[in-house]
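Visitor: Provided herewith is a single structure, encoded as structure tokens, for subsequent inquiry.
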Amino acid sequence: MEAEGLTNEQTDKVLQFQDLTGIEDMNVCRDVLIRHQWDLEVAFQEQMNIREGRPTMLTASTDVRAPAVINDRFLQQVFSANMPGGRMVSRVPSIGPMPRSFTGMLGYVINFVFQYFYSTLSGIVRAFINIGGGNEPRIITDPLADVMKFIREYYERYPEHPVFYQGTYAQALNDAKQELRFLLVYLHKDPTQNPDVESFCRDTLSSRSIIDYINTHTLLWGCDVSTPEGYRVMQTITVRTYPLMVMISLRANRMMVVGRFEGDCTPEELQRRLQAVIAVNEVWLSQARADRLERNFTQTLRRQQDEAYEQSLLADEEKERQRQRERDAARQVLEAEERARRDVELRKEEIARQKIELANLVPPEPAADAIDAIAVVFKLPSGTRLERRFQQTDSILDVYHFLFCHPASPDEFEITTNFPKRVLYSKAAIDAAECAVNDIVNKTLKEVGLKNREVLFVNDLEA
């Protein structure tokens, strides 16, 4: 990461954020922190929320089929910008103020009814035109890319926002159904051309209370209707004005639109409307959770009963297998003890044989007045002191053969001097030396610096 322009404190926060989130690209960590004004806690919390909003393993495939959604306005709570708490930045022409005279009142009613039927009829005609191919067909190529593009552009334009579900509409529906949660679907058009959308996103959806409420109580899925995925969803839920939010929930084992929020409104009004829809429909989710819990309990109980029955059938076989394992284990212990006993006997026989063979290799003890003869005192582990004369030209291996063949000497030992301590012969050193064995054992007593009457210690390596 290029740290140019970052203070030491900012660099530390980037490293901390990377450790907390596991994001490998430090430039991504830096950009996230910049977007949140270097507030490490807020950035980390949003990252965790984003991860929770990603598709679950149950809907990991983008080819997953969406459950059918019932869109019946008679079963929905509908809220519009014309209701109390709503607001419209771009006013549309109305049918005019309510007249006070009888004639004016009659004309007002006729005009209202005419506009209502005209709007309904035109909507039906547009639907038939769409069915007949009047509109250019929208080919769904990559719905996930459409959603991620919307989220990316939304985040860039409105830094403060609720967490959008990072998956397709079908995935969001399946997750909401599986997790028994409310799904809040948000659709809009280009905010630069729609003042109501701009106001709703910048003022309402950026409110901290709205962000917290939506993140806590719903899954939020959003898309732009200019993309194929957004257009397809728009067609299924019949949009009449933007911005639009619809609440989808499981009700009587069917996913249906239970709330519709059309147009712009204040943050306080949006939260009140969301609370009203959730309060009415929470009982259905609670019942579904209770039913699921009961089904899970019944399935678990049945599975436990089946397992208990199978275990009872296999109990005798398992007991017999256990007895056989115990017999096999006892036999293996006896065989291992017998092998160990035979190994000890064989080792003793081998050592006895080696002592007989190596006794012939021990050089004869020189006379006391022999030239270059030195007396060496050996202190054995048992406390026994041995004294023996060697020629200075005798090797360390000759000394080893003498000690190995002595009845009071241990089978595995090393020969060391007293002070300073030096190891003159060690089986471990011989094994480690490999190619240099001859250089060690063939050194003469003179070469290793032994002097007359020097005391050597015999250390038992098996003690």
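Visitor: Ranked highest first by average number of other Cβ atoms within 10 Å, how do 380-388, 74-82, 363-371 line up?
Guide: 74-82, 380-388, 363-371
Visitor: Tally up the carbon and sulfur contribution to the accessible surface of segment 311-407 as a whole percent, 1.4 Å probe, everything protein left in place.
Guide: Numbers: 3550 of 6600 Å².
Taking all protein chains in place, segment 311-407 shows 54 percent carbon and sulfur surface.
Visitor: For Ile237 and Lys427 in one chain, what is 0.36 nm times their gap in residues minus the Cα-Cα distance, to one decimal in nm? Write down the numbers at each step before the final one.
Guide: Numbers: separation 190, 0.36 × 190 = 68.40 nm, distance 8.72 nm.
Full extension from Ile237 to Lys427 adds 59.7 nm.
Visitor: Give me the 1.4 Å probe accessible area per residue for segment 322-463, excluding ligands and nucleic acids, in Å². Don't jump to the answer; show the numbers that get you there.
Guide: Details: 9040 Å² over 142 residues.
Computed with neighbouring chains in place, this is 64 Å² per residue.
Visitor: Magnitude of the Cβ-charge dipole of segment 354-406, K/R +1 and D/E -1, about the Cα centre, nearest 20 debye?
Guide: Values: 5 positive and 7 negative charges, 59 e Å.
Dipole magnitude for segment 354-406 comes out near 280 debye.
Visitor: Give the calculated FRET efficiency between Asp19 and Tyr155 to the nearest 0.05, with a Förster radius of 30 Å applied to their Cβ-Cβ distance. All intermediate terms of the calculation are to be shown ahead of the outcome.
Guide: Working: r = 23 Å, r/R0 = 0.78.
Efficiency for this residue pair is about 0.80.
Visitor: Hey, another quick one. For segment 353-428, list log₁₀ I(q)/I(0) at each q in 0.12, 0.20, 0.25 Å⁻¹, using the Debye formula over Cα point scatterers of equal strength and ignoring solvent, two decimals each.
Guide: -0.34, -0.97, -1.41
Visitor: Let me ask something additional. Going from most exposed to least, what order do Phe413, Phe457 have by accessible area with a 1.4 Å probe? Don't skip to the answer; put the middle values down first.
Guide: Numbers: Phe413 5, Phe457 55 Å².
Highest to lowest solvent-accessible surface, that is Phe457, Phe413.
Visitor: Sticking with this one: Calculate, in nm to one decimal, what Leu75 and Arg202 gain on full extension: separation in residues at 0.36 nm each, minus their alpha carbon distance.
Guide: Working: separation 127, 0.36 × 127 = 45.72 nm, distance 3.05 nm.
Result: 42.7 nm gained on full extension.
Visitor: Give the Rg (one decimal place) followed by the Dmax (whole number) of segment 334-463, computed from C-alpha coordinates and expressed in Å.
Guide: Taking only Cα atoms of segment 334-463, I get Rg and Dmax of 16.1, 59 Å.
Visitor: Rank Asp142, Asp398 by accessible area, highest first, at a 1.4 Å probe radius?
Guide: On the way: Asp142 75, Asp398 35 Å².
Largest accessible area first, the residues go Asp142, Asp398.
Visitor: While we're on this one: So if I place +1 on the C-beta of Lys and Arg and -1 on the C-beta of Asp and Glu, and nothing else carries charge, what would the dipole magnitude of segment 213-330 be about its Cα centre? I want it in debye, nearest 20.
Guide: Values: 17 positive and 18 negative charges, 62 e Å.
Result for segment 213-330 is approximately 300 debye, rounded to the nearest 20.
Visitor: Determine the per residue accessible area of segment 209-277 with all protein chains present and a 1.4 angstrom probe, expressed in square angstrom.
Guide: Details: 2180 Å² over 69 residues.
Per residue, segment 209-277 has 32 Å² of solvent-accessible surface.
Visitor: Rounded, prolate or oblate: which one fits segment 194-245, using the alpha carbon gyration tensor with axes a ≥ b ≥ c (rounded when a/c is under 1.5, else prolate when a/b beats b/c, else oblate)? Could the numbers behind the result be given before it?
Guide: Numbers: a/c = 2.50, a/b = 1.48, b/c = 1.69.
In terms of gyration-tensor shape, oblate.
Visitor: First check a/c for segment 167-212, with a ≥ b ≥ c the square roots of the eigenvalues of its C-alpha gyration tensor; if it is under 1.5, answer rounded, and if not, answer prolate when a/b is larger than b/c or oblate otherwise.
Guide: On the way: a/c = 4.29, a/b = 1.73, b/c = 2.48.
Because a/c hits 1.5 or more and a/b fails to exceed b/c, segment 167-212 counts as oblate.
Visitor: Rank Leu450, Thr384, Ser426 by how far each Cα sits towards the positive end of the charge dipole of segment 306-463 (+1 on Lys, Arg Cβ; -1 on Asp, Glu Cβ) and give me just the farthest.
Guide: Comparing the listed Cα positions along the dipole, Leu450 ranks first.
Visitor: What nm distance separates the two modelled labels at Glu387 and Arg295, each placed 7 Å from Cα along Cα→Cβ?
Guide: The modelled label-to-label distance comes out at 9.9 nm.
Visitor: For the pair Gln354 and Arg323, what calculated FRET efficiency results from E = 1/(1 + (r/R0)^6), where r is the Cβ-Cβ distance and R0 = 45 Å, to the nearest 0.05?
Guide: On the way: r = 46 Å, r/R0 = 1.03.
Efficiency, from the Cβ-Cβ distance: 0.45.
Visitor: Rg over Rh of segment 305-382, using C-alpha atoms and the Kirkwood radius, what does it come to? If you can, show how the numbers build up before the last one.
Guide: Numbers: Rg = 30.2 Å, Rh = 19.3 Å.
Here Rg/Rh amounts to 1.57.
Visitor: Also, quick follow-up: How would Arg422, Arg260 rank on accessible area, largest to smallest, probe 1.4 Å? Could the numbers behind the result be given before it?
Guide: Values: Arg422 95, Arg260 0 Å².
Result of the area sort, largest leading: Arg422, Arg260.
Visitor: What ranking, highest mean first, results for peptides 162-170, 442-450 when packing means the other Cβ atoms within 10 Å averaged over each residue?
Guide: On the way: 162-170: 22.7, 442-450: 15.1.
The peptides rank, most packed first, as 162-170, 442-450.
Visitor: Residue separation times 0.36 nm, minus the C-alpha to C-alpha distance between Leu334 and Ser209: what's the value?
Guide: Numbers: separation 125, 0.36 × 125 = 45.00 nm, distance 7.58 nm.
Length gained between Leu334 and Ser209: 37.4 nm.
The values are calculated or read from the model by the stated rules, or taken from the named source; none is laboratory data. Predicted model, so just to flag it, every value in this text is computed and none were measured. Ideal geometry is used to build each Cβ from the backbone, glycine not excepted, and the neighbour counts take in all protein chains shown. For accessibility, only protein heavy atoms count, side chains too; no ligands or nucleic acids. Shrake-Rupley method; radii C 1.70, N 1.55, O 1.52, S 1.80 Å.
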